[in-house]
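Where a number appears in this text, it was derived from the coordinates with a stated rule and is not lab data. Computed from a predicted structure; not experimentally measured.
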Amino acid sequence: MIAMATYNYNKIYGVKTWKNPLESKLDELEVVTKWLKWECSPARFPWSMVSGNEKAYFMKGKVKVYCRGYEGSLEIGAGNLVEFPRGQLLRA
């Protein structure tokens, strides 16, 4: 397990967000070499983190996320590394 707390992040609605993380951190997490790439056309859909914390790195585009139990939304976009906590229910 990689300790991502070694550099600053913001925590909003239970979601940790790192803006423009260091290239070395992305390499350490194997973001480019091992993570699956997922693409989506503009749409609205429910999203749940049932199997554990889920990390995502946004290479392009942006998404507005509404977290269950919170007022307002969180906008995530290109250059953001995020970690959604287990059990989080989202609407994008």
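ILE12's amide H: which non-local residues (gap 5+, or another chain) put their own amide H closer than 5 Å, with H modeled 1.01 Å from N in plane and none for Pro or chain starts?
It is THR17, by chain and number.
Taking only C-alpha pairs under 8 Å that are 6+ residues apart, what is the relative contact order of the chain in percent? Intermediate results must be reported in sequence, preceding the final value.
Values: 143 pairs, mean separation 32.7, N = 92.
The value is 36 percent.
Considering the values (i) 47; (ii) 55; (iii) 62, which represents percent of Cα pairs over 16 Å apart as calculated for the structure under consideration?
(ii)
Say we join alpha carbon atoms closer than 10 Å with springs in a Gaussian network model of the chain; which of ALA43, ALA78, ALA56 then has the biggest fluctuation?
Comparing ALA43, ALA78, ALA56 in the GNM, the peak value goes to ALA43.
Return the single residue from LEU26, LEU74, LEU36 with maximal mean-square fluctuation; model: Gaussian network over the chain, springs between Cα atoms under 10 Å.
Per the Cα network of the chain with a 10 Å cutoff, LEU36 tops the list.
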